[in-house]
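Below: the structure, in structure tokens.
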Amino acid sequence: MTTSSELQGFYKLSMEDRRRVLKEETSLSDEEVGAIANTGGLPAETADHMIENVVGGYTYPLGIATNFRINGKDYLVPMALEEPSVVAAASNAAKMARVKGGFKVTNTGPVMIGQVQVVNVPRPEEAKSKLLARKSELLKKANDQDPMLVSLGGGAKDLNVKVLSSLKGPMVIAELIVNTGDAMGANAVNTMAEAVAPMVEETTGGRVFLRIISNLADRRLVRATAVFDKEAVGGEDVVDGVVYAYAFADADPYRCATHNKGIMNGVVAVGIACGQDIRALEAGAHSYASRKGVYKPLTVWEKNAEGDLVGTLEMPMAVGLVGGAARTHPAARADIRILGVKTAIELAEVMGAVGLAQNFAALRALANEGIQRGHMKLHSRNVAISAGATGELVDVVAQRMVEERKIRFDRAKELVAELSGKTG
């Protein structure tokens, strides 16, 4: 436990000196210090410039999901996460989807919203009209901030103004509608919102406070669909089971939270691998799921006339290939090359397909054999490793626990002690 969290001048130190101070304050062992010092595929100097007070790195396993065919094109999909069974499940789901042609995905374009909040406005509705009358001026001011984006066809395209009732009285919210091109867009949109704020303040007679992008990217949607052949998924009973599982999620937010979490298992894993802002992705997804006042699934599952299973996903997907970790992190750049996407829209479409695949895999397991059978079989290796198993002993201990149906740390410790002299 640390003696004090007041580390004066900590940010001024080198990474090595920060680790030294951290070791002194927390009694880390040399082995533990070495573990956090490892920055993996990210050069230490690059890491030190990406965030503050850097002491090292934290590495996730990187797997490749296979079998994906999206809009007629095949993809190998990098996925970075710690949860077992996700990569295998996505690959298996994609294989089943191929029987009927794979995934079809469309999008609404890379459009984000920047909000400027105005309070203490004497006549809110009149202020709204005045702002709309100056739309051309406001858009020009916004676009002057990023001529490169504008030259590529992006930039501020429209202005929306709304009057809100709030706990602090009426507010006027001016919204810039911005095509962000191949960028996720947070920096560009925030810069535009800040640039137009003085003009907004002058026009309304109020006071501007927040000038910030919205992560409810409901103008930046992907829509993915796939038909899963009834025989490929295990028969019509399995199809019915998946539809019943969806109906449960549609009726109950407690189930729906886990339903949508399964989607995000796939989306976020690709997002991490490709250097995306996964907090923005999560915020957008869950707020979109709640946009009608009730938390709902991001997917719909139905049985068609032939008895096959049809899945559809619709969700915001604010991703980018320009700026951020997608350009800074060498591993993210390599993963994007593996994926082979050329635009932010293409990346968004792939991530939507992976989200749909992952949701299908989870629902099929629930409807067919239960989620734990496959998941815990893969999880058993993690438990074995955490109990001290190494080399061939990992698989031996894992297999014993699966056979016994006792996938627990205490049992793993017993098996490691029992079997360590019999292997290697």
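The values are calculated or read from the model by the stated rules, or taken from the named source; none is laboratory data. Values in this document were obtained by computation on a predicted structure and should not be read as measured data. Glycine gets a Cβ as well: all are built from the backbone with ideal geometry, and neighbour counts include every protein chain shown.
Just a yes or no: is a residue in segment 244-257 among the charged types (D, E, K, R) and within 18 Å of residue 112 (Cβ to Cβ)?
no
So, in segment 56-83, how many residues would count as being closer than 21 Å to residue 261 by Cβ, part of a loop (DSSP other than H, G, I, E, B) and not charged (D, E, K, R)?
Residues in segment 56-83 being closer than 21 Å to residue 261 by Cβ, part of a loop (DSSP other than H, G, I, E, B) and not charged (D, E, K, R): 3 in total.
Condition (residue is in a loop (DSSP other than H, G, I, E, B) and either touching a residue at least 24 places away in the same chain (Cβ under 8 Å) or under 27 Å from residue 40 (Cβ atoms) (or both)) applied to segment 238-249: is it met by at least one residue?
Within segment 238-249, none of the residues are in a loop (DSSP other than H, G, I, E, B) and either touching a residue at least 24 places away in the same chain (Cβ under 8 Å) or under 27 Å from residue 40 (Cβ atoms) (or both).
Mind checking which residues of segment 244-263 are hydrophobic (A, V, I, L, M, F, W, C) and buried (at least 19 other Cβ atoms within 10 Å of the Cβ)? Even if it seems obvious, please write down each step before you answer.
Keep residues of segment 244-263 that are hydrophobic (A, V, I, L, M, F, W, C), which gives 245, 247-249, 251, 256-257, 263.
Answer for segment 244-263, where residues must be hydrophobic (A, V, I, L, M, F, W, C) and buried (at least 19 other Cβ atoms within 10 Å of the Cβ): 245, 249, 256, 263.
Do we have residue 311 as surrounded by 18 or more Cβ atoms within 10 Å (Cβ to Cβ) and closer than 16 Å to residue 278 by Cα here? Spell out the reasoning first.
On the way: surrounded by 18 or more Cβ atoms within 10 Å (Cβ to Cβ): yes; closer than 16 Å to residue 278 by Cα: no.
It is false that residue 311 is surrounded by 18 or more Cβ atoms within 10 Å (Cβ to Cβ) and closer than 16 Å to residue 278 by Cα.
Does residue 171 fit the bill of being out of contact with any helix residue (DSSP H, G or I) (no Cβ under 7 Å at 6 or more places or on another chain), outside the structural domain of residue 344 (by TED's automatic domain parsing) and farther than 17 Å from residue 110 by Cβ?
It is true that residue 171 is out of contact with any helix residue (DSSP H, G or I) (no Cβ under 7 Å at 6 or more places or on another chain), outside the structural domain of residue 344 (by TED's automatic domain parsing) and farther than 17 Å from residue 110 by Cβ.
Look at segment 152-181 and say how many of its residues are buried (at least 22 other Cβ atoms within 10 Å of the Cβ) and more than 19 Å from residue 137 (Cα to Cα).
Of the residues in segment 152-181, 2 are buried (at least 22 other Cβ atoms within 10 Å of the Cβ) and more than 19 Å from residue 137 (Cα to Cα).
Give segment 329-360 a look and list any residue that's more than 18 Å from the chain's Cα centre (by Cα) and on the phi < 0 side of the Ramachandran plot, or say none. Step through it out loud before you land on a result.
Initial filter on segment 329-360 (more than 18 Å from the chain's Cα centre (by Cα)): 330, 334, 337-338, 340, 342.
Within segment 329-360, 330, 334, 337, 338, 342 qualify.
Can you tell me how many residues within segment 315-335 are at pLDDT 95 or above and in a strand (DSSP E or B)?
Within segment 315-335, residues that are at pLDDT 95 or above and in a strand (DSSP E or B) number 2.
Select from segment 250-278 the residues that are in contact (Cβ under 8 Å) with a residue 60 or more places away in the chain, under 30 Å from residue 50 (Cα atoms) and in a helix (DSSP H, G or I) and list them in ascending order.
If the condition is that a residue be in contact (Cβ under 8 Å) with a residue 60 or more places away in the chain, under 30 Å from residue 50 (Cα atoms) and in a helix (DSSP H, G or I), then 262, 263, 264, 265, 266, 267, 268, 269, 270, 271, 272, 273 are the ones that fit.
Checking the conditions here, which among 204, 225, 191 is surrounded by 22 or more Cβ atoms within 10 Å (Cβ to Cβ) and either at negative phi or not aliphatic (A, V, I, L, M) (or both)?
The unique qualifying residue is 204.
Name the residue that is surrounded by the most Cβ atoms within 10 Å (Cβ to Cβ), counting only residues in segment 108-141 that are over 18 Å from residue 166 (Cα atoms) and of a type in the set (Gly, Ala, Ser).
114
Go over the candidates 119, 99, 77 one by one and state the one that is β-branched (Val, Ile, Thr), at pLDDT 95 or above and not assigned by TED's automatic domain parsing to the domain that holds residue 264.
Details: 99 fails: not assigned by TED's automatic domain parsing to the domain that holds residue 264; 77 fails: not assigned by TED's automatic domain parsing to the domain that holds residue 264.
After applying the criteria, what remains is 119.
What about residue 312, is it outside any helix (DSSP H, G or I) and either in the same structural domain as residue 363 (by TED's automatic domain parsing) or on the phi < 0 side of the Ramachandran plot (or both)?
Yes.
If we keep just the residues of segment 64-84 that are of a type outside the set (A, V, I, L, M) and under 16 Å from the mean Cα position of the chain (by Cα), which is farthest from residue 398 (Cα to Cα)?
It comes out as 78.
So if I check each of 87, 105, which one is of a type in the set (Val, Ile, Thr), within 19 Å of the chain's Cα centre (by Cα) and outside any helix (DSSP H, G or I)?
Residue meeting the stated conditions: 105.
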